[in-house]
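The structure appears right after this line, and notes come after that.
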Amino acid sequence: MTKLQERLYQYIAEDRYADLTADEAFIMVRRQLNEAEARLTASMTGEQKHLFSRYMDEENRIVSLQLRHIFRETLTIVHDILNVSL
């Protein structure tokens with residue numbers, strides 16, 4: 001991504017994230033996810049928890065790459081539609 005694209009992405013990810021965390025549907029799904037993870041890890045051994053944590057780190061890294069790709073594609077579409085440079 002260009003510096004401008006990166007800054008715009010960071011603005012959305014950091015400053016606008018509060019809008020998402022205030023959304024009732026997001027809150028409900030996040031709560032369900034946290035409860036499911038707690039149930040899953042409750043009976044895990046220390047080694048299993050460590051492996052699960054490493055897996056989640058990689059999952060988060062991949063999701064981040066996917067979100068950045070979607071963001072770049074969205075900017076490309078906006079550029080194509082409006083013929084403006086971002």
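The numbers here are math on the coordinates, done by the rules we state, and not lab data. These numbers were taken from a predicted model, which means no experiment stands behind them. Please note: Cβ atoms are built from the backbone with ideal geometry, for glycine as well, and neighbour counts cover all protein chains shown.
How about region 5-86: which trypsin sites (Lys or Arg not before Pro) there lie in a loop by DSSP and see at most 10 other Cβ atoms within 10 Å?
Arg16
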How much length, in nm to one decimal, is gained on full extension between Glu24 and His79, taken as 0.36 nm per residue of separation minus their Cα-Cα distance?
-> 16.6 nm
The list [x] 1.47; [y] 1.51; [z] 1.92 gives values of Cα Rg over 2.2 N^0.38 Å, and only one came from this structure; which label was calculated from it?
-> [x]
Determine the dipole magnitude for region 1-55: charges of +1 sit on the beta-carbon of Lys and Arg, -1 on that of Asp and Glu, nothing else is charged, the reference point is the Cα centre, and the result goes in debye to the nearest 20.
-> 200 debye
Pop a pseudo-label 7 angstrom from the Cα along the beta-carbon direction at both Phe52 and Tyr11 and give the gap in nm to one decimal.
-> 4.0 nm
Most positive-pole-ward Cα, Ala38, Val63, Ala22, against dipole of the chain from beta carbon charges = Val63
